[in-house]
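One structure is given here, and the rest of the page talks about it.
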Amino acid sequence: MNLLHVDNIVAGYGPLTILHGVSLAVDEGEIVCVLGANGAGKSTLLRAVSRLIPLAAGTISFRGKSLARVRPHQAAAMGISHVPEGRGIFGNLTVAENLTLATFASHTSGAPRVSKVYETFPVLGQRRGQLASTLSGGEQQMLAIGRAIVSDGDLFVLDEPSMGLSPLFVKSVFSIISEINKQGKTVLVVEQNATMALSHSHRAYVLENGKIVAEGTSREIARDERIKKAYLG
Amino acid sequence: MVYGVLRLINFAHGDIFMIGSYTALFLASYFHAPFAVVVPLTFAAIALLGVCIERLAYRPLRSAPRVSAVITALAIGLFLETITLAVAGPEPRKFPALVGDHEISFGGVGASNVQVLIIGASVVLMAALELFVAKTRTGMAMRALSWDAITAPLLGINIDAIVSFTFAIGTGLAAIAGIFVGLAYPVIDPYMGIVVGWKAFVSAVIGGIGSIKGAVAGGFILGIVEIISAAFLPSSYKDMIVFGLLLVILLFRPAGLFGVPVNKKV
Ligand SMILES: Nc1ncnc2c1ncn2[C@@H]1O[C@H](COP(=O)(O)OP(=O)(O)OP(=O)(O)O)[C@@H](O)[C@H]1O
Ligand SMILES: [Mg+2]
């Protein structure tokens, strides 16, 4: 049984349909990436998974349970930790408060995981009393991932974690993603940085205009001539 | 407070306050309930009313343009006034003396025990509210919601629950203010909420909307301006001066005297 199973979903914003029958599956322990150009519908797909937008057709199930009637805060409590595009940091709260808030999704005390986040990202520990709006873009990305660690979901859903980061930082973000995966978390990551995403994932899907146009192991996809041309420059 | 979390100016707030006053009057005169029972019962009843208003009137409009919610709020205010007119009649009512009034003095400075009670209780309630918003997880969630309501549920925050709770506390406290005003100026009428609501709004704007300390400071400034203007001008100019002040502040310091400009997430 797949951890996450997206079956032929149609979704969008009001009358505007963006996803035209998208299917994908993520197995426990995998890192799966979704590649696609701007406006392909990658973020929309992730929003459908974490139930921020309704489905016009199709089904999504998580651990075999249908998410049809699940609301976003319930999806979070079921174990879907969505790090949104643009990070979704609460700038009017301190770093520590941002992390504490993430315990809403977990049913246990988050204290040990908060300390783990400070260990993984020492700079967040140093800045814990600071307003999150004062963090640099890279630090905000660490905080966003840190919050997902505190939420302690089984599936990390990451929307362009490399966005706006320097190449060196992108590298360290992806090595953290691999690390989190080794510690037992399943990851669904959406990326424009195809080279990085393909070299750090097990399987890949390619989304174009709201449809999956290719899928395979990340190695196969990286060798595909058409995809090389479109996404790997 | 409701504005701070929801970016919704609750123009019905003054009328909620009036309903609070009438509820207390009703409890005290028909059931002869003592002060210690009237206060929590009124708080609970009006908090419930606030939650119902949010559910029925505001929640369906949450993603509608802001102006729809403002119009709805004005309509709710009128509705509450009309209901009170129908049930209690237009004539002013005498608010019962729930607390026996007597003079007490602090080293030569005299005050009535009612005044001391009102000021003391207000300070305690505001400090409690401030602490609650600053320190508890629910308070954190309220602040997070005001920054970015789309991301909040991704962390497991149930927005509807937090919004209901915010309305409960906000309207419950307005009702308590209605009791206090009934104690201090024991004649109440169905329109008492209008000017009070506007003044609360002016105080909040002066102080920087959404901030509790700012609203308190704004209230003091407003009071001082009123007293000074009443001393030099006919008292009918008072409200004109107050609302003139509002316009001037909105022009020059739209974030309030003490407010930091809201750098809302783009
Ligand atoms: N809130 C919204 N309301 C209406 N349309 C939207 C909304 N968000 C996105 N869209 C539209 O949906 C389409 C797909 O957007 P989406 O954000 O899913 O793309 P994306 O693949 O994530 O792109 P990017 O790589 O630029 O982030 C776009 O045409 C966009 O204009
Ligand atoms: Mg996107």
Extreme residue, farthest from ligand 2 (Cβ to nearest atom), among residues of the stretch A:22-54 that are surrounded by fewer than 18 Cβ atoms within 10 Å (Cβ to Cβ) and not charged (D, E, K, R): A:G29
Residue in the stretch B:105-113 that is more than 21 Å from the chain's Cα centre (by Cα) and modelled with pLDDT of 85 or more present: no
Failed criterion for A:I60 (all others in (1) modelled with pLDDT of 95 or more; (2) within 16 Å of ligand 2 (Cβ to nearest atom); (3) touching a strand residue (DSSP E or B) at 6+ places or on another chain (Cβ under 7 Å) hold): (2)
Residue ID - farthest from A:T186 (Cα to Cα), chosen from residues in the stretch A:111-148 that are of a type in the set (A, V, I, L, M, F, W, C) and free of Cβ contacts under 8 Å to residues at least 40 places away in the same chain: A:V123
Any pair with Cβ under 8 angstrom, 6 or more apart, that starts in the stretch B:74-103 at a residue that is surrounded by 11 or more Cβ atoms within 10 Å (Cβ to Cβ) and ends at one that is polar (S, T, N, Q): B:F95/B:S21; B:P96/B:S29; B:V99/B:N113; B:D101/B:S112; B:D101/B:N113
Conditions (1) crowded, with 23+ Cβ neighbours inside 10 Å; (2) not in a helix (DSSP H, G or I); number of the one not met by B:I150: (1)
Scope the stretch B:42-67; condition within 18 Å of B:V87 (Cβ to Cβ) and aliphatic (A, V, I, L, M); matching residues: B:A45, B:I46, B:L48, B:L49, B:I53
From the options A:T108, A:T44, residue that is of a type in the set (S, T, N, Q) and modelled with pLDDT of 95 or more: A:T44
Any hit, the stretch A:134-142, residues being in contact with a strand residue (DSSP E or B) (Cβ under 9 Å, 6 or more places away or on another chain) and more than 30 Å from A:V10 (Cβ to Cβ): yes
Qualifying positions in the stretch A:187-229 - of a type in the set (S, T, Y), part of a helix (DSSP H, G or I) and closer than 21 Å to A:L4 by Cα: A:S218
Pairs with Cβ under 6 Å, 6+ apart, first in the stretch A:27-44 and within 14 Å of chain B (Cβ to nearest Cβ), second hydrophobic (A, V, I, L, M, F, W, C) and near ligand 1 (Cβ under 10 Å from one of its atoms): A:T44/A:I18; A:T44/A:L19
Total residues in the stretch A:154-179, condition hydrophobic (A, V, I, L, M, F, W, C) and outside any helix (DSSP H, G or I): 6
The stretch A:40-98, residues that are of a type in the set (S, T, N, Q), over 20 Å from B:W147 (Cβ atoms) and not in a helix (DSSP H, G or I): A:T59, A:S61, A:S66
Matching residues, the stretch A:104-133, being in contact with a helix residue (DSSP H, G or I) (Cβ under 6 Å, 6 or more places away or on another chain), assigned to a helix (DSSP H, G or I) and within 11 Å of another protein chain (Cβ to nearest Cβ): A:F104, A:A132
Contacts under 7 angstrom Cβ, first residue in the stretch A:202-225 being farther than 13 Å from A:S23 by Cβ and charged (D, E, K, R), partner away from ligand 1 (no atom under 16 Å from the Cβ) and assigned to a helix (DSSP H, G or I), 6 or more apart: A:R203/A:S218
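Just to verify a result, which residue in the stretch B:34-45, among those that are touching a Leu at 6+ places or on another chain (Cβ under 9 Å) and part of a helix (DSSP H, G or I), is surrounded by the fewest Cβ atoms within 10 Å (Cβ to Cβ)?
B:V37
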Selected residue (criterion: surrounded by the most Cβ atoms within 10 Å (Cβ to Cβ)) from residues of the stretch A:84-96 that are more than 8 Å from chain B (Cβ to nearest Cβ) and within 16 Å of ligand 2 (Cβ to nearest atom): A:R87
Residue count, the stretch A:63-106 (criterion: more than 21 Å from A:I18 (Cβ to Cβ) and away from ligand 1 (no atom under 16 Å from the Cβ)): 30
Any hit, the stretch B:107-115, residues being in contact with an Asp or Glu (Cβ under 6 Å, 6 or more places away or on another chain) and among the hydrophobic types (A, V, I, L, M, F, W, C): yes
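Can you tell me which residues in the stretch A:129-188 are among the aromatic types (F, W, Y) and either under 13 Å from the mean Cα position of the chain (by Cα) or within 16 Å of ligand 1 (Cβ to nearest atom) (or both)?
Within the stretch A:129-188, A:F156, A:F174 qualify.
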Residue satisfying all of: in the stretch A:53-76; within 14 Å of chain B (Cβ to nearest Cβ) and free of Cβ contacts under 8 Å to residues at least 24 places away in the same chain; nearest to A:M1 (Cα to Cα) among these: A:L67
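The values are calculated or read from the model by the stated rules, or taken from the named source; none is laboratory data. Values in this document were obtained by computation on a predicted structure and should not be read as measured data. Reconstructed Cβ throughout: ideal geometry from the backbone, glycine too, with neighbour counts over all protein chains shown.
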